[in-house]
1. Rounding to the nearest 10 and keeping the result within 0 to 90°, find how far the Cα-based axis of helix 45-85 lies from the longest principal axis of the chain.
2. Counting only other residues whose beta carbon sits under 10 Å from that of S91, what net charge do I get with K and R as +1, D and E as -1?
3. Quick one: Karplus J couplings for segment 100-117, per residue in order, coefficients 6.51, -1.76, 1.60, θ = phi - 60°, nearest Hz, x for Gly and Pro?
4. Rounded to two decimals, what is the ratio between the C-alpha radius of gyration of the chain and 2.2 N^0.38 Å?
5. In segment 32-129, which GluC sites (Glu not before Pro) are in a loop and have at most 12 other Cβ atoms within 10 Å, using DSSP for the loop call?
6. Choose one answer from I115, I79, I60: the residue with the largest mean-square fluctuation in a GNM of the chain with alpha-carbon springs under 10 Å.
7. Taking a threshold of 20 Å on the Cα-Cα distance, which of the pairs K32/K73; K69/K124; K22/K124; K25/K73 fall above it?
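Any read-out appearing in this document is the output of simple, stated calculations on the displayed coordinates, not a laboratory observation. Please read these numbers as outputs of a predicted model, since none were measured by experiment. Glycine also receives a Cβ, built like all others from the backbone with ideal geometry; neighbour counts cover every protein chain displayed.
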Amino acid sequence: MVTTTEVGQLAGECTSWIETLKSFKQQFTNHKSLLQQHSAEQTNHDVLLEVEHLHNQFHIQLINIHDLKQAVKRHMQEISYERARNNGVMSDDVLARHEHLYDEFQRLEATLNIISREFDRFVKYIGAR
């Protein structure tokens, strides 16, 4: 059984995840814009392949960020509903969903960090050319 205090913690974690996802969305939108700027005058085949790869990754990950953010928002609504319906007691289903979303958040965060580092290396490589 989850107490009211713990319910507040669940909602707080969701809010933190959403803020982190918003930050990643802004970062990846900026990366996408910088990629376009850096790639405008490139003619090297290998560089253009990397530009295409990164562009595709940014597009895919922005969709993933959006989808996870929406899932977390829906979960927050479930938490509010459960809190009101059951006097602050969460069902096992809501708790299991929270754990699942946390796992998804961690996986996506790791992926986003890898792609961001990949982009940083690419920008340094282009700058050194």
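1. The angle comes out at about 10 degrees.
2. Numbers: positive: R85, R97; negative: E78, E82, D92, D93.
Around S91, the surrounding residues sum to -2.
3. Using θ = phi - 60°, the values come out as 4, 5, 4, 4, 4, 4, 4, 5, 5, 4, 5, 4, 5, 5, 5, 5, 5, 5 Hz.
4. Relative to the 2.2 N^0.38 Å estimate, the chain comes out at 1.38.
5. Passing both the DSSP loop test and the Cβ count: E41.
6. I60
7. Exceeds cut-off: K32/K73; K69/K124; K22/K124.
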